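A quick write-up on the structure given underneath.
Just so you know, all these numbers are worked out from the coordinates, no wet-lab data involved. All of these numbers come straight from a predicted model, not from anything done at the bench. Glycine also receives a Cβ, built like all others from the backbone with ideal geometry; neighbour counts cover every protein chain displayed.
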Amino acid sequence: MLSLITMADASGPEVDQGALLRYLAEMMWFPTAWLADYIQWESIDAHSAKATLRHAGLTVSAVLHFNEDGLVAQVTAERYRDENGKPALRRWSGRAKDYREVDGMRIPMKVEVVWHLESGDFSYFRAEITEIEYNI
């Protein structure tokens with residue numbers, strides 16, 4: 001039934017860029033993925049690093065900001081967003097907190113995703129992980 005109604009229909013390099021950036025940010029829930037050879041790391045300062053991911057001819061970068069425990073507190077990037085039917089490059093971030101150990105990895109249990117717009121911050125997604133299981 002749901003396949004009869006189109007909820008979204010987007011494609012193209014801007015959509016691909018957004019999806020790849022989201023994947024990069026969501027690696028905080030499976031941190032061993034950050035060890036992949038298709039990610040290049042560049043130190044910025046004592047509390048941040050730039051991650052550049054290359055895949056299928058597409059390159060995206062995000063800055064990871066670390067807290068005093070060395071855990072990712074925020075991921076920031078320039079990401080495409082649809083504005084009046086046209087792609088617009090805007091600052092985007094994901095904030096992570098409430099880290100807990102799961103299967104030997106420390107992962108955030110709470111996240112918030114925000115567009116940083118000229119009109120102000122727009123928080124459009126908040127989530128709390130209540131249960132997670134890894135296929136180890």
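Observations on the structure shown:
- Condition met for L20 (touching a His at 6+ places or on another chain (Cβ under 7 Å), under 23 Å from I107 (Cβ atoms) and surrounded by 15 or more Cβ atoms within 10 Å (Cβ to Cβ)): yes
Conditions (1) closer than 18 Å to F122 by Cα; (2) surrounded by fewer than 17 Cβ atoms within 10 Å (Cβ to Cβ), marked per residue:
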position: L24; (1), (2): no, no
position: M27; (1), (2): no, no
position: A36; (1), (2): no, yes
position: I44; (1), (2): no, yes
position: G57; (1), (2): no, yes
position: N67; (1), (2): no, yes
position: R91; (1), (2): yes, yes
position: G94; (1), (2): yes, no
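- Annotation: S61 fulfils all but one of (1) more than 26 Å from I132 (Cα to Cα); (2) hydroxyl-bearing (S, T, Y); (3) in a helix (DSSP H, G or I); the unmet one is (3).
- Restricting the range 69-89 to residues that are under 18 Å from the mean Cα position of the chain (by Cα) and over 21 Å from K110 (Cα atoms), the residue that is surrounded by the most Cβ atoms within 10 Å (Cβ to Cβ): R79
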